[in-house]
Amino acid sequence: GQQLNQSPQSMFIQEGEDVSMNCTSSSIFNTWLWYKQDPGEGPVLLIALYKAGELTSNGRLTAQFGITRKDSFLNISASIPSDVGIYFCAGPRFNAGNNRKLIWGLGTSLAVNP
Amino acid sequence: EPEVTQTPSHQVTQMGQEVILRCVPISNHLYFYWYRQILGQKVEFLVSFYNNEISEKSEIFDDQFSVERPDGSNFTLKIRSTKLEDSAMYFCASTGDNEQFFGPGTRLTVL
């Protein structure tokens with residue numbers, strides 16, 4: 001099925017480092033969502049972006065909605081051990097019949113070395 | 001803050017048995033979803049539900065699966081005759097406008 005291209009696939013960093021990951025699509029999205037999933041738990045919405053060019057922060061997290069509406073990035077500043085997890089980008093698709101479905105990236109797995 | 005809840009958190013069943021996984025979506029949401037995640041793999045879409053009917057289902061969602069909104073608050077996923085390969089985390093989600101919120105999941109183990 002359709003999916004978003006997310007990179008990098010995995011990252012292993014030292015505590016205190018900044019992290020950057022991105023997500024691209026061949027088609028336009030009007031909304032970009034970034035989720036984090038901890039092992040054994042459900043994805044948790046971190047940031048939602050609604051407007052091309054929008055830059056939104058949530059604590060140490062910053063995400064931007066690309067001008068072309070085909071990409072987005074997520075930055076984490078000054079990483080800490082609890083940032084460990086898998087980060088997913090997602091974009092909603094609205095099909096005929098009021099069907100709304102999320103298209104997912106494959107995720108970026110982040111490991112933080114204390 | 002409103003949240004999606006799911007019960008049970010863990011379910012162990014014998015192969016061939018029926019299971020019902022329960023979800024309570026966020027109260028003013030209209031779109032409901034089930035996903036599954038096999039251990040170590042990505043989250044996979046199963047089905048979306050709107051206006052008391054299935055909007056879309058994936059190829060995973062075969063005749064063994066069904067969903068129901070039996071009342072104004074619950075949203076259930078039934079697996080009629082479980083198979084070993086149904087062992088996974090099952091996540092319910094709901095959407096108001098654009099943002100989709102996930103429940104904590106039910107870990108289903110089929111023995």
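The values are calculated or read from the model by the stated rules, or taken from the named source; none is laboratory data. All values derive from a computational prediction rather than experimental measurement. Glycine also receives a Cβ, built like all others from the backbone with ideal geometry; neighbour counts cover every protein chain displayed. Each accessible area value is taken on the protein alone, full model and side chains, heavy atoms only, with ligands, DNA and RNA left out. Shrake-Rupley method; radii C 1.70, N 1.55, O 1.52, S 1.80 Å.
One table, with the values for the structure above:
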quantity: Evaluated at q = 0.12, 0.20, 0.23, 0.25 Å⁻¹: base-10 log I(q)/I(0), Debye formula over Cα of the stretch B:5-101; calculated: -0.35, -1.01, -1.34, -1.55
quantity: Point-charge dipole on Cβ atoms (K/R +1, D/E -1) for chain A, about Cα centre, debye to 20; calculated: 620 debye
quantity: Phi to ³J(HN,Hα) by Karplus 6.51 cos²θ - 1.76 cosθ + 1.60 over the stretch B:3-19, Hz, x for Gly, Pro; calculated: 8, 8, 10, 9, 9, x, 7, 9, 9, 10, 9, 8, 3, x, 7, 8, 10
quantity: Within the stretch B:1-40, backbone nitrogen closer than 16 Å to the virtual label 7 Å beyond the Cα of B:Ser81 toward Cβ; calculated: B:14-19
quantity: Computed magnitude of the charge dipole of chain B (debye, nearest 20; Cβ of K, R +1, Cβ of D, E -1); calculated: 340 debye
quantity: Selected from B:Asp63, B:Asp86, B:Asp71 as most flexible by GNM, with chain B as the system and alpha-carbon contacts under 10 Å; calculated: B:Asp71
quantity: Per-residue average of Cβ from other chains inside 10 Å of B:43-50; calculated: 4
quantity: Among B:Phe102, B:Val19, B:Asn52 - extreme Cα towards positive end, dipole of the stretch B:1-108, charges at beta-carbon; calculated: B:Val19
quantity: For A:53-60, mean number of other protein chain Cβ atoms within 10 Å; calculated: 0
quantity: Average other protein chain Cβ within 10 Å of Cβ, residues A:76-88; calculated: 0
quantity: Lys pairs, the protein assembly as shown - Cα-Cα below 27 angstrom, 8 or more residues apart or on other chains; calculated: 19
quantity: Distance from the stretch A:40-114 to the stretch B:34-79 (C-alpha centre basis), Å; calculated: 23 Å
quantity: Rounded to the nearest 20 debye, dipole of the protein assembly as shown from Cβ charges on Lys, Arg, Asp, Glu; calculated: 320 debye
quantity: Accessible area (Å², 1.4 Å probe, nearest 10) - B:Arg80; calculated: 100 Å²
quantity: Mean Cα-pair separation over length for chain B, i.e. relative contact order, pairs under 8 Å, 6 or more apart, %; calculated: 39 percent
